[in-house]
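Some notes on the structure that comes next.
The values are calculated or read from the model by the stated rules, or taken from the named source; none is laboratory data. From a predicted model like this one, the values you see are computed outputs, not experimental measurements. Cβ coordinates were reconstructed from backbone atoms using ideal geometry, including for glycine residues, and neighbour counts include every protein chain displayed.
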Amino acid sequence: MTLARDDLAVMPAAAPARWTFDAKALIAVPGLVFMALAFAVPVLMLVGDSFVDRDGFSLAGYRKVLGDPYYIGIIGNSLQLACITTAVCLAVGYPAAWALARIRGAWQVILFALIFLPLTVSIVVKTFGLTIMMRRDGIINFLLVNLGFIERPMRLVFTEFSLYFGMVNVFLPFMILPLYSVMRMLDPRLLDASASLGAGPVHTFLRVTLPLTMPGIIAGGTLVFSISVAAYVTPGLLVGDRFMTMSQVMAKAYLNIRDFQLGASMAVIMLVISAALILASSYLVRTPGGERR
Amino acid sequence: MASPTRISRRTFAAGSLLAVTGFPNIVRGQTREIFVGGPASPGLTDILFPVIERKHNMKILFEGTNSLINLEKIRANKARPTMTVTMMDDPVLVLAEREKVIRKLPADITNLADVPAAAKPRDAMWVNWCQPMCSFSYNSRALPQGLASYNDAWDRKFRERIIMISMRITQAVAPLVAAASYATKKPLDQALKEWGAGIERLKELRPNVIQVSSNAPQAQQLLETGECDLYMAPDSRTTLFRKAQGAPVDQGMPKEGVLAMPAGVALVEGGPNQDLGIAFINEMLNPETQALIARTFWSKPTNAKTVLPQGISFPELIALDWEYFADNRNAMIERFEREVSSR
């Protein structure tokens, strides 16, 4: 364990925060201005809308969302979707990122292409493609029948299986990328040292590799959770209204029933969930000594 | 010998500025174009609009989306409207009128005179350019004979074989009214106000429903590929258009009757190029164009002088109280999603 702790400096430790002006920070000004206009202002307007109804200040939107088992269930659906998607992406993405970080040459290029090229395809196209694959006359049923797993085609379209399959398909690269960036900086001699000290592969993984790649796991997990909790297109196309999510309620509130306070309140709750996760992950990547890894 | 004309840098800069900023506006000012918002129905941009463009020397910029989103866009631009004409369902046009974002159709639309009063509601605040048929559509390979009644959809043989359209889409009123009619024994035209009983009846349909979808193209594709047998309920603009293209689908003609979907068209209040908008709507109501609409959109024309193309006929369609529907739609959506759609 000492070995891992001592070598945690695979990533440079940041200096303790000081409130002195650094001219280099000015480089960030264009980005900050853009984000203020494109993100902060609309979010503030949204937060304002959530507290206002026709008669002025009101908490009716939050009462409606948090006091109604139907909407609580929908928040539960979104959290369930995000948790399962994140867990499966981690289980599938971790070994893929490890392979990507360890292989060299043409295979690395091919693996990179296989993992990241799908990002260049629109989510709508990918999701429609999945629907075609999952039809009774689609390739998945064809393979299952011809390999003898099932006797006749089964319904896959509009099932929760198809939803999670589609979500992992869309969001997996967002898990692999941060994991890969941490794993490629991992010194392989640490693993050799662990083995030479008598640790088996499982012990080395649990006590060396896993702790050292934890920042990648937390970053990838946060990223995948944040975007999958807000997913709209993929659940809408793959499972429809049977599995309502927070984003679908927002769309309904704004575009159909025109209850803007309901939509804004649901949006703020989603924002709070995502912000809490990001703050928690920031806390988790701190070392016991309080320094950021 | 005349000295060559000298252009100072200041003159050149001023000229360039004028060219860059002024020229597009001059060109735009001379372009006869209107912005139309309407449904994403096949046949509009590829068949109907090119005819109108050629005949009236205008350019139609079109944005296809559903009626409520269309209304939201008009509301957002109420101070400076960009849209000239909007094509929406009557229940949404009721809301548009209340919000004063559409204007009464002027007498310059001469073809209005040949449209019956029922198809130009609220004293011609808008006009129905056609009446698509709405009941249900079915896969004609799986069900060569179709269904004799809406109630056949509740049969156990359709377990997990039906896709329903979301109540957020106007056409979802068809299964709701059919269910209300069955539950109350009232005819379809009187059953809308009994929609609560319809929700109760639709709950019994849940085992047969594989999904409630607000994505109509996806649902249509799954019907055509046999993933489901019944789709409740797109209208004839989609179903018969796809049938004519060879897709194995057909429009249900149940014994209880077929609903008339109200496809309306209106002038946006304060929209640009109103004269072109008036010409556009007048052309939509022209008997010749109405015949083209009948065979392109498989929808009943509203101009009484229209001569239907050979081989095309329409049953007597049932009209609903769309103002009542507009007033109760949110409540219908809420109950439908909680009691019919949810897991």
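Among the residues of segment B:275-298, the one identified as touching a Ser or Thr at 6+ places or on another chain (Cβ under 7 Å) and free of Cβ contacts under 8 Å to residues at least 60 places away in the same chain is B:291. Can you name the residue in segment B:199-241 that is within 13 Å of chain A (Cβ to nearest Cβ) and assigned to a loop (DSSP other than H, G, I, E, B) and, of all such residues, is surrounded by the most Cβ atoms within 10 Å (Cβ to Cβ)? Selected residue: B:228. Of all residues in segment B:260-274, those that are over 18 Å from residue B:96 (Cα atoms) and surrounded by 24 or more Cβ atoms within 10 Å (Cβ to Cβ) have Cβ atoms under 9 Å from Cβ atoms of residues that are charged (D, E, K, R) and at pLDDT 95 or above, 6 or more apart or on another chain, in B:260/B:300. Which condition does residue B:158 not pass, out of (1) more than 23 Å from residue B:243 (Cβ to Cβ); (2) within 14 Å of another protein chain (Cβ to nearest Cβ), if it passes all the others? Going through the list (1) more than 23 Å from residue B:243 (Cβ to Cβ); (2) within 14 Å of another protein chain (Cβ to nearest Cβ), residue B:158 breaks only (1). Does residue B:95 satisfy the criteria of being aliphatic (A, V, I, L, M), away from chain A (no Cβ under 14 Å) and more than 14 Å from the chain's Cα centre (by Cα)? No: the conditions fail for residue B:95. Checked against (1) more than 9 Å from chain B (Cβ to nearest Cβ); (2) assigned to a helix (DSSP H, G or I); (3) surrounded by 12 or more Cβ atoms within 10 Å (Cβ to Cβ), residue A:156 passes all but a single condition, namely (2). For the residues B:334, B:288, B:323, the requirement of being within 20 Å of the chain's Cα centre (by Cα) and surrounded by fewer than 20 Cβ atoms within 10 Å (Cβ to Cβ) singles out B:323.
Taking the listed residues A:281, A:226, the one that is surrounded by 18 or more Cβ atoms within 10 Å (Cβ to Cβ), modelled with pLDDT under 90 and more than 14 Å from chain B (Cβ to nearest Cβ) is A:281, with no other qualifying.
Please determine whether any residue of segment A:135-145 is more than 9 Å from chain B (Cβ to nearest Cβ) and within 23 Å of residue A:245 (Cβ to Cβ). So far as segment A:135-145 goes, no, none of its residues is more than 9 Å from chain B (Cβ to nearest Cβ) and within 23 Å of residue A:245 (Cβ to Cβ).
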